[in-house]
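Take a look at the structure below.
The values are calculated or read from the model by the stated rules, or taken from the named source; none is laboratory data. This is a predicted model, so every value here is computed, not measured. So basically every Cβ, Gly included, is an ideal-geometry build from the backbone, and we count neighbours across all protein chains shown. When the accessible area is computed, the model is the full protein with side chains, heavy atoms only, and any ligands, DNA or RNA have been set aside. Shrake-Rupley method; radii C 1.70, N 1.55, O 1.52, S 1.80 Å.
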Amino acid sequence: AKLVGAELELSQPWQLEIAAMLTPIGYAALPPEITTKWRAGEPLSAEEQKIVNAHPAAAKRLITKIPRMTEVAEIVYYQDKWYNGTGYPEDDVKEEAIPQGARIIKIFKALNELCGIESPDVHAFAKLAGQLGKFDLELLYRMQTCLIEGESSKLEA
């Protein structure tokens, strides 16, 4: 987050860094049995899924209680929102109206799911680029450019 914030010349890069550290804080509000089931990839009931989907709202409530953290709370709140406006939270916010930090965190989370502890490569970015509507493609390309050096870093969509 620190590297991306600097490379993308964010006006408040510290907000992205703090948000990246706080993205999982909403999971603390989940009942342990749901967390275990969800992390194991087991199917969730509609009610359990609703509880899991509410974790960013729980995080936002916690973070907004800290002075000067309103923007960080918004980043964490929108971390699972698709660029096209679908996903959570269910509201009319989409595209550029989603905080840039949230769009960055969404990409980081997806890269983490794809690559685990390995560094992302051009194929991981191409896979994300193929998920139309999910990510800000311009931001995805800019992140790829700053995280992968060299000519091979061009998206292969």
Can you name the number of the only condition in (1) in a loop (DSSP other than H, G, I, E, B); (2) open to solvent by 50 Å² or more (accessible area, probe 1.4 Å); (3) modelled with pLDDT under 90 that PRO120 fails? (2)
Which residues, taken from the range 26-47, are touching a Leu at 6+ places or on another chain (Cβ under 9 Å) and either surrounded by fewer than 17 Cβ atoms within 10 Å (Cβ to Cβ) or of a type in the set (D, E, K, R) (or both)? ALA28, ALA29, LYS37
Say we look at the range 63-115 and pick out the residues that are open to solvent by less than 60 Å² (accessible area, probe 1.4 Å) and touching an Asp or Glu at 6+ places or on another chain (Cβ under 6 Å); which of these is modelled with the lowest pLDDT? GLY87
Take the range 11-48 and flag every residue that is at pLDDT 90 or above and within 19 Å of VAL76 (Cα to Cα). GLN12, PRO13, TRP14, GLN15, LEU16, GLU17, ILE18, ALA19, ALA20, MET21, LEU22
Tally time: how many residues in the range 49-62 are open to solvent by 40 Å² or more (accessible area, probe 1.4 Å) and either in a loop (DSSP other than H, G, I, E, B) or farther than 16 Å from GLU74 by Cα (or both)? 4
Inspect all residues belonging to the range 86-105 and state whether any of them is outside any loop (DSSP other than H, G, I, E, B) and more than 17 Å from the chain's Cα centre (by Cα). no
Inspect the range 134-142 for any residue being in contact (Cβ under 8 Å) with a residue 12 or more places away in the chain, outside any helix (DSSP H, G or I) and surrounded by fewer than 19 Cβ atoms within 10 Å (Cβ to Cβ) and give the result as yes or no. no
Pair list, Cβ under 7 Å, 6 or more apart: the range 1-24 residue open to solvent by 60 Å² or more (accessible area, probe 1.4 Å), other residue among the hydrophobic types (A, V, I, L, M, F, W, C): LEU3/CYS146; GLU7/CYS146
